[in-house]
Amino acid sequence: MDDFSDIMDLPHHVSVKRHPMNLAARAAQFSPFAALTGFDEEIGESARLTSVCEALSEDDLDGLNAAFQRLLESAEEKPAVTIIYFQPDARKSGGAYLTYTGVFRHYDAGEGILHFADRRTLRMQNVRCILFGDEE
């Protein structure tokens, strides 16, 4: 009786009230599902590393101020410069140090923003180093 031989030859029941489910709907019942929607993204976000914005030393500040003054004085010449700056992270504390090379256009003192020929803008408060084309 353990081999189900007593019910093997019985006819399959078909409901007269309900239509049989199509194969796609039947397969969807057994497909895997994401019980924790967004969990993978959260894990990825928390695993993403950020850097802490280090405060500049007095010597570094003096060097940055001198380079900034040189940049303002040579603005008419549209110098090519490389800027190392800190980009704060939009989602968590910290950020990343990035390097940008471009042609300087002008400085908006009211907003504290450096403008470049390719329409890129950088906040002066995030700038950590200014290098001119002849210094690189």
Quick one: in the stretch 40-67, which of the residues that are charged (D, E, K, R) and within 18 Å of Gln125 (Cβ to Cβ) is modelled with the lowest pLDDT? Glu54
Taking the stretch 100-122, which residues are under 23 Å from the mean Cα position of the chain (by Cα) and either exposed (fewer than 11 other Cβ atoms within 10 Å of the Cβ) or in contact (Cβ under 8 Å) with a residue 24 or more places away in the chain (or both)? Leu114, Asp118, Arg119, Leu122
Looking only at helices (runs of 4 or more DSSP H) that lie completely in the stretch 1-94, which have at least 3 residues being among the hydrophobic types (A, V, I, L, M, F, W, C) and surrounded by 10 or more Cβ atoms within 10 Å (Cβ to Cβ)? 58-73
Which residues, counting only those in the stretch 58-97, are of a type in the set (A, V, I, L, M, F, W, C) and touching a residue at least 40 places away in the same chain (Cβ under 8 Å)? Leu64, Ala67, Phe68, Leu71, Ala80, Val81, Ile83, Ile84, Phe86, Ala96
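The values are calculated or read from the model by the stated rules, or taken from the named source; none is laboratory data. Fair warning: this is a prediction, and the values are worked out from it, not measured in the lab. Positions of Cβ are generated from backbone atoms using ideal geometry, with glycine treated the same way; all protein chains shown enter the neighbour counts.
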